[in-house]
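Written below as structure tokens is the structure these notes are about.
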Amino acid sequence: MKIIPRLLLLLTIGCADHKPKADNQTLDFGSFSIVTPNGWTKVKAQGTDSYVGRIAIDNIDTIDFDLGWYSNTLTEREPQIIERSILKDLDVLDTSQFFIVDSRKGIDPDKFKKNNISWDTIDGRKAKIVFPRKPGIGTTGIYIDSLWQGGADVDRFNLYGDNLKPANEKLFLQALKTLKFHKTK
């Protein structure tokens with residue numbers, strides 16, 4: 001019976017309004033805002049056909065965003081799995097991008113992927129959340145396929161970082177829940 005109070009506590013925490021705490025700040029990018037830990041800073045970037053920018057978490061980790069028609073879906077490429085016996089027939093010097101196995105029989109390519117995917121609703125929008133299977137190795141971020149109509153097409157949005165330190169990854173995943181979108185004219 002101790003499980004029920006714990007579940008209620010988790011639900012209460014999970015459903016709590018995501019307002020800035022004293023040690024947090026709101027970063028406003030015009031089209032969207034996000035609540036982050038103090039010290040995270042906005043960095044301007046130049047985009048060709050979309051609104052792009054960056055957030056510096058610290059002197060190593062950064063998060064990039066792209067709001068436009070062609071925003072990256074954060075879909076991980078299928079792993080390249082090669083049997084050791086075929087390797088000698090390939091004219092490849094660098095095999096670091098391959099997973100080399102003795103036999104492909106019984107191999108599930110999903111086993112070799114770096115990222116997990118989950119779906120959530122952020123600011124009333126269906127959001128794809130990407131996070132590493134092994135902390136610190138992979139992509140952490142969000143992709144929203146249909147943010148709003150932008151001219152003749154639909155604006156999409158992503159905000160992501162690669163190979164973030166595990167502590168920053170955790171803070172970033174928490175911050176994603178605070179995203180608010182504001183369509184600008």
With Cα atoms, 0 to 90° folded angle of helix 3-15 axis to the chain main axis: 70 degrees
Accessible area, probe 1.4 Å, largest first, for residues S96, S33: S96, S33
Segment A45-D28, extension gain: residue separation times 0.36 nm, minus the distance between their alpha carbons: 4.6 nm
Anchor K114: aspartates and glutamates whose Cα lies under 13 Å away (excluding residues fewer than 8 positions away in-chain): E76, E78, D162
Cα shape, segment 111-185, gyration tensor, a/c 1.5 rule: prolate
Along each principal axis, Cα extent of segment 66-175, largest first, Å: 50, 37, 26
Distance violations [Cα-Cα > 26 Å] among K105/K126; K88/K165; K42/K183; K44/K183: K105/K126; K88/K165
Compactness of the chain as Cα Rg over 2.2 N^0.38 Å, two decimals: 1.24
Crossing angle, helix 166-176 versus the chain [Cα axis fit, 0-90 degrees, rounded to tens]: 50 degrees
Structure-based [θ]222 nm, the chain - -39500 (n - 2.57) summed over DSSP H runs of at least 4, per residue, nearest 500: -4500 deg cm²/dmol
Computed log₁₀ I(q)/I(0) - Debye formula, equal Cα scatterers, no solvent, segment 109-154, q 0.17, 0.18, 0.31 Å⁻¹: -0.59, -0.63, -1.06
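The values are calculated or read from the model by the stated rules, or taken from the named source; none is laboratory data. Every value quoted in this text rests on a predicted model; they were computed, and no experiment measured them. Just so you know, the surface numbers come from the protein's heavy atoms only, side chains and all, with ligands and any DNA or RNA stripped out. Shrake-Rupley method; radii C 1.70, N 1.55, O 1.52, S 1.80 Å.
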